[in-house]
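A short worksheet on the structure shown next.
The values are calculated or read from the model by the stated rules, or taken from the named source; none is laboratory data. Bear in mind that the values here come from a model prediction, so they are computed numbers and not experimental data. Neighbour counts run over all protein chains shown; Cβ positions are idealised from the backbone, glycine included.
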C-alpha cells in the first residue's frame, strides 16, 4: 500500500457490484463483495464494513481509515483501505438476501479493504519467525499508541500470510483519548487503564521483551511527523471527518515527542 505521505497517494473509490457472502467473524459482520475501481475499472474482491453495523458510524469509518494510514506509515502491513460505494441499484440485487436491510441502510460510501485470500488468523500458540516477531513488537507499540483494546486472544484481529503479519479492525481505536477529561497528563506513560485488559491481549503471548528493537521502533514512530498529520486531515473524506481529531492528534504528538520513554514503557509490560 502506498503511504499517504507519498505525493501520488489517493484513496481508492470502489463500486460494489456483486455480493459474495457475509463473514462469520467480527462484531460488525463485514461482507465480501466484488468491486470495480472507479478510476481504473479494475475488478477485485473487497471486505466491506457496512455503515449499518454494530459499532459502525461515520466516526468509526474515520478511525478505521486513520489507523490504516498510521500503520502503513509505520511500515506495519495492513490491507489497503478504500471508500466503497453501495448504490441503490446494487441494493436491488441483494433484495432477497437476509442482510438486505443492512445494505439498504448503508447506501453511500462505506469502509473497505482488499481481501487477502491466502491469509489465516493466528492464535496464541503460533510460532513467529524473527521478522514477524519484530513486526509483532511494532504492532504492540502501535496498539498502545492508538489506544486500541481490540487485539485479543479471543479476537486477534491479525492476518498472517506466508510472508507477513498484518493488522485489521480498528474502529475502537482512539476512543479513550477523544476527550480532554479522558486524556492522561503524561500520555507516554502507561497506567492501570491502559493495562486493565493486558491478560486478554494476544501479542504478549507471541513475543518477549528481547524481541523489541527500540531504535527501529522509534524510527517508525518518527515517520508520523507534521506533514503526515496534515496530509491525513486533508485526505480524510469530508463526510467521515471526526471532530475529535482536533483533540486526538495533539495527544498523539505528545507521545511521539517522548517516543523513547513511551517505547520503554511498552517494552517493560512484557516478560
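Just name the residue that is farthest from residue 203 (Cα to Cα) out of those in the stretch 178-189 that are in contact with a helix residue (DSSP H, G or I) (Cβ under 7 Å, 6 or more places away or on another chain) and at pLDDT 95 or above.
Checking each candidate, the answer is 187.
Please count how many residues of the stretch 30-58 are more than 17 Å from residue 91 (Cα to Cα) and part of a loop (DSSP other than H, G, I, E, B).
9
Considering only the stretch 165-203, state which residues are farther than 26 Å from residue 62 by Cβ and under 21 Å from the mean Cα position of the chain (by Cα).
Matches in the stretch 165-203: 195, 198.
Among the residues of the stretch 182-197, is there at least one that is surrounded by fewer than 11 Cβ atoms within 10 Å (Cβ to Cβ) and under 27 Å from residue 3 (Cβ atoms)?
No, every residue in the stretch 182-197 fails to be surrounded by fewer than 11 Cβ atoms within 10 Å (Cβ to Cβ) and under 27 Å from residue 3 (Cβ atoms).
Give the residue, chosen from 73, 13, 64, that is more than 14 Å from the chain's Cα centre (by Cα) and either touching a residue at least 24 places away in the same chain (Cβ under 8 Å) or within 21 Å of residue 152 (Cα to Cα) (or both).
13
What residue, among those in the stretch 31-42 that are under 13 Å from residue 12 (Cα atoms) and in contact (Cβ under 8 Å) with a residue 12 or more places away in the chain, is surrounded by the fewest Cβ atoms within 10 Å (Cβ to Cβ)?
39
Of the residues 132, 148, 157, only one is touching a strand residue (DSSP E or B) at 6+ places or on another chain (Cβ under 8 Å) and closer than 17 Å to residue 66 by Cβ; which?
One residue alone meets the criteria, 157.
Does the stretch 234-252 contain any residue that is touching a residue at least 60 places away in the same chain (Cβ under 8 Å), under 20 Å from residue 151 (Cβ atoms) and under 19 Å from the mean Cα position of the chain (by Cα)?
So far as the stretch 234-252 goes, yes, one or more of its residues are touching a residue at least 60 places away in the same chain (Cβ under 8 Å), under 20 Å from residue 151 (Cβ atoms) and under 19 Å from the mean Cα position of the chain (by Cα).
What number of residues in the stretch 38-58 are more than 20 Å from residue 239 (Cβ to Cβ) and either at pLDDT 95 or above or in the same structural domain as residue 220 (by TED's automatic domain parsing) (or both)?
The number of residues fulfilling the criteria is 7.
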